[in-house]
Amino acid sequence: MGDAKSGPDGSAWGDLRLRALEQLLALPAAELRPTLDFAGQLIAELLRADKVDVFIIEHATQCLVAQGTSDTPMARLQKSLGLDRLQLANGGRAVQAYETEQPFLSGDLKDDPEELPGIKHRLGARSSLIVPLPIGMEIRGVINVVSAREDFFTEHDLRFLQAVARWVGMVAHRVELVQELTKLAVKQARRKAAEELITVLAHDLANHLRPLEARLLLIQRRAERQQAVDDHRDAEAATQSLRSLTRLINDLLDVGRLDQGLFSLRPQPVDLAGLARELAATATTPEYPVRVEAPEELVTVVDPARVRQVLENLVANARRHSPPGRPVDVALRTRSRPEGEWVEVTVCDQGPGIPAEQLPTLFERFTRGTGSSGLGLGLFLARRLAEAHGGTLEVVSTSRAGTCFGLSLPVVAG
């Protein structure tokens, strides 16, 4: 079998292969296909093969796809025949090697009943080497080396190809990591630029809204004096819309301050039970009652305005997702932990629950749930405010019977 190939032998052949492996590792971590094309061509030249493919699984289509191929006549014929994509369901030796993770060596493909007819008869393959391709921590494909001559490859060639596969896998993994890091860097750069622009716009809008709010107040007072009921109602509606817009702008400005490290708290002793009852009284409507279960008094040191902001956000979310007539429940209790006493506040609704696919990104900025009309900053800010107090904010339960958010804050003596 070894006589079929001509070229250097012994130590010279070993040195040639070692230099080839060094060339593989020296490949730049750029794009995957050109890198694997180079690897395929290099292997073809070393093994005097008529075709080399680096097949990688494409899970969406359940195909082994030739992501790297030697620049040879048989490889070009393979592509024209559509044999550069191998359906797992159709079987064949390459698919078999991938699924069993076992190497394959044959010098008599013509009479092999397990090989695909197109590869044997239309492509003219007679000898084949196939080894699994490890990328990262899993087998992601195979390297397939083919010759049109019978009994062309040896066991020594197979062992060499197994070593090459490990090196090719390392190179492919490095390319994929670089591509992922590049995508992440571009995404982060775009996001940072967008956030800076939004913060500037929010600041400018806030400057324009202040005189508008003052003008609406004057219109309301004039309507009251003149007993112009319709004008007063319209001015009140415009004022409410303006307040909603102001809250959105303040959220944007808070995000900018948090990112820039300019955010500060004004802590003082606060009765959280009283704050929760006050908030519930304000938020309760006949359609959406808000119930509070809490001790008579529960005092700790926090920034009252910021903790109220967190609770208002959680209650507003709960109301938005609750069916009419169903209450929103707010419960406060203390719990002992190894590090000391904590206040635990839960806000629960009786809505449809949060879809599982939304949970991983629920607290990220600009994440909007079903039915949300805001910017998607509420929960992001609420968690950051909880963390600024040394606490946490988590989804403690979600089901078809509703969702509960849990705010935990350390008890600090005043």
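Any residue that is open to solvent by 30 Å² or more (accessible area, probe 1.4 Å), in a strand (DSSP E or B) and out of contact with any Leu (no Cβ under 6 Å at 6 or more places or on another chain) - is there at least one of those in region 295-316?
yes
Within region 70-99, restricting attention to residues that are open to solvent by less than 40 Å² (accessible area, probe 1.4 Å) and hydroxyl-bearing (Ser, Thr, Tyr), which residue is farthest from Asp53 (Cα to Cα)?
Tyr98
Within region 340-414, which strands (runs of 3 or more DSSP E) (wholly inside it) include 3 or more residues that are surrounded by fewer than 20 Cβ atoms within 10 Å (Cβ to Cβ) and at pLDDT below 85?
In region 340-414, 392-399 are the strands (runs of 3 or more DSSP E) which contain 3 or more residues that are surrounded by fewer than 20 Cβ atoms within 10 Å (Cβ to Cβ) and at pLDDT below 85.
Since His156 meets every condition but one in (1) open to solvent by 70 Å² or more (accessible area, probe 1.4 Å); (2) more than 16 Å from Leu46 (Cβ to Cβ); (3) not small (Gly, Ala, Ser), which condition does it not meet?
(2)
Part of a helix (DSSP H, G or I), at pLDDT 80 or above and surrounded by fewer than 13 Cβ atoms within 10 Å (Cβ to Cβ): which single residue out of Glu176, Glu180 fits that description?
Just a single option satisfies the conditions, and that option is Glu180.
Give me the pairs, please: first residue somewhere in region 380-395 and under 18 Å from Thr361 (Cβ atoms), second residue anywhere and basic (Lys, Arg), beta-carbon distance under 6 Å, and either six or more positions apart or on two chains.
Short answer, once both residue conditions are applied: Phe380/Arg365; Leu393/Arg383.
Within the group Ala66, Ala89, Ala148, which residue is out of contact with any helix residue (DSSP H, G or I) (no Cβ under 6 Å at 6 or more places or on another chain) and under 17 Å from Leu32 (Cβ atoms)?
When all the criteria are applied, what remains is Ala66.
Per-residue answers, yes or no, for (1) touching a strand residue (DSSP E or B) at 6+ places or on another chain (Cβ under 9 Å); (2) at pLDDT 95 or above; (3) assigned to a loop (DSSP other than H, G, I, E, B):
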{"site": "Leu64", "(1), (2), (3)": "yes, yes, no"}
{"site": "Gln67", "(1), (2), (3)": "yes, no, no"}
{"site": "Met74", "(1), (2), (3)": "yes, yes, no"}
{"site": "Lys79", "(1), (2), (3)": "yes, no, no"}
{"site": "Ala97", "(1), (2), (3)": "yes, yes, no"}
{"site": "Leu105", "(1), (2), (3)": "yes, yes, no"}
{"site": "Lys110", "(1), (2), (3)": "no, no, no"}
{"site": "His121", "(1), (2), (3)": "no, no, no"}
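Quick one: which of Arg326, Arg335 is within 21 Å of Thr282 (Cβ to Cβ), of a type in the set (D, E, K, R), modelled with pLDDT of 85 or more and open to solvent by 70 Å² or more (accessible area, probe 1.4 Å)?
Residue meeting the stated conditions: Arg326.
Go through region 100-117 residue by residue and tally those that are touching a Leu at 6+ places or on another chain (Cβ under 8 Å) and open to solvent by less than 20 Å² (accessible area, probe 1.4 Å).
Count: 1.
Any idea which of Arg233, Arg277, Arg222, Arg266 is at pLDDT 80 or above, out of contact with any Ser or Thr (no Cβ under 7 Å at 6 or more places or on another chain) and not in a helix (DSSP H, G or I)?
The match here is Arg266.
The values are calculated or read from the model by the stated rules, or taken from the named source; none is laboratory data. Predicted model only: the values in this text are computed from it and were never measured. Heads up, the Cβs are rebuilt from the backbone with ideal geometry, glycines too, and the neighbour counts pull from every protein chain shown. Only protein heavy atoms, including side chains, enter the accessible area calculation; ligands, DNA and RNA are left aside. Shrake-Rupley method; radii C 1.70, N 1.55, O 1.52, S 1.80 Å.
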